[in-house]
Amino acid sequence: MQSDPVDLSQAFDNGRHHRAKVGFVLLATEQTIESDMNTLYPPGVGLHFTRAPIPDSITNATLLAQADHLAPAAATLLPDGSLDVVCYACTSGSLVIGEERVCTELNRGAPKAKATTLITGVMRALRVLGATKIAVATPYLDEINQNEADYMTAAGFEITNIQGLNIEKDSDMIRVRPEFIADYAAGVDTPDADALFISCGALRSIDVIDALEQRVGKPVVTSNQAMAWDTLRLAGIGDRIDGYGMLLRDH
């Protein structure tokens, strides 16, 4: 059977994601970021996810091993070349591997997209907020906390305090209650900090940003909030988003 010819000249529009298309390379174990991005992103912007293999153990060694998987993972995201931005969606992995290496690998897989990392978005967010002295609350092991403090210090920030929950499994990080995160982060904050940063995309911290900013009286930046802001702005989307802190509301 042969189909009859059809005039397709008026058949197409720009699709559901007509404003921009953003891709994320997640850890294989990740269970929070997809729902958070769907919560934070405005209509008309496409979210596209892929994953890179990692065991359910977040250490310097397992994160460093992700580097070789980033390009193949990124290559699975809209191979037609229509992706506008590609992001490695792991705070600790970004700083353990390093932003330059991560972006190089992402662009090997998605050469037409603007490449960024989660830690890049966090530091851009802190700078746009005018924050240089940062208190950092994490779920990580101490070895990762030390790397994070060193990395951010080298980037020009002063870390007034950094404390972690010493959780190794990603499958445990995703189960930490938002109310516990808020109380824990408030305890890590210091009076001299310009901003409070809650690190890790696995934590459900976007749920408590607004209330925590009121509680501590300063900007609160979280990994997924900063990643949403950074990737949207790189994609040319300037929408202001209420309910998730002053970063998305005012910048």
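A few comments on the model shown:
- The residues of segment 50-105 that are more than 30 Å from ARG16 (Cβ to Cβ), among the hydrophobic types (A, V, I, L, M, F, W, C) and touching a Phe, Trp or Tyr at 6+ places or on another chain (Cβ under 9 Å), listed by number, are ILE58, LEU95, VAL96, ILE97.
- Of all residue pairs spaced 6 or more apart or on separate chains, those with beta-carbon atoms under 9 Å, a first member in segment 106-127 that is within 26 Å of ASP80 (Cα to Cα) and a second member that is surrounded by fewer than 18 Cβ atoms within 10 Å (Cβ to Cβ) and β-branched (Val, Ile, Thr) are GLY109/THR76; ALA115/THR104.
- Conditions (1) within 20 Å of THR222 (Cα to Cα); (2) outside any helix (DSSP H, G or I); (3) among the charged types (D, E, K, R): number failed by ASP36: (2)
- Residue within segment 80-89 that is surrounded by fewer than 17 Cβ atoms within 10 Å (Cβ to Cβ) and either under 15 Å from the mean Cα position of the chain (by Cα) or of a type in the set (Asp, Glu) (or both) present: yes
- Among helices (runs of 4 or more DSSP H) entirely within segment 170-251, having at least 1 residues that are within 17 Å of the chain's Cα centre (by Cα) and either assigned by TED's automatic domain parsing to the domain that holds MET152 or crowded, with 19+ Cβ neighbours inside 10 Å (or both) singles out 170-173, 209-216, 223-234, 246-250.
- Restricted to helices (runs of 4 or more DSSP H) entirely inside segment 91-162, those with at least 1 residues that are surrounded by fewer than 18 Cβ atoms within 10 Å (Cβ to Cβ) and not assigned by TED's automatic domain parsing to the domain that holds PRO79 are 118-128, 142-154.
- Out of LEU47, LEU64, one residue alone is surrounded by fewer than 24 Cβ atoms within 10 Å (Cβ to Cβ), closer than 18 Å to ASP170 by Cα and touching a residue at least 24 places away in the same chain (Cβ under 8 Å). It is LEU64.
- Flag for PHE24 being among the aromatic types (Phe, Trp, Tyr) and surrounded by 13 or more Cβ atoms within 10 Å (Cβ to Cβ): yes
- Evaluating VAL25 against the criteria (1) assigned to a helix (DSSP H, G or I); (2) under 13 Å from the mean Cα position of the chain (by Cα) leaves one unmet condition, (1).
The values are calculated or read from the model by the stated rules, or taken from the named source; none is laboratory data. Just so it is clear, the model here is predicted, and its values are computed rather than measured. Neighbour counts run over all protein chains shown; Cβ positions are idealised from the backbone, glycine included.
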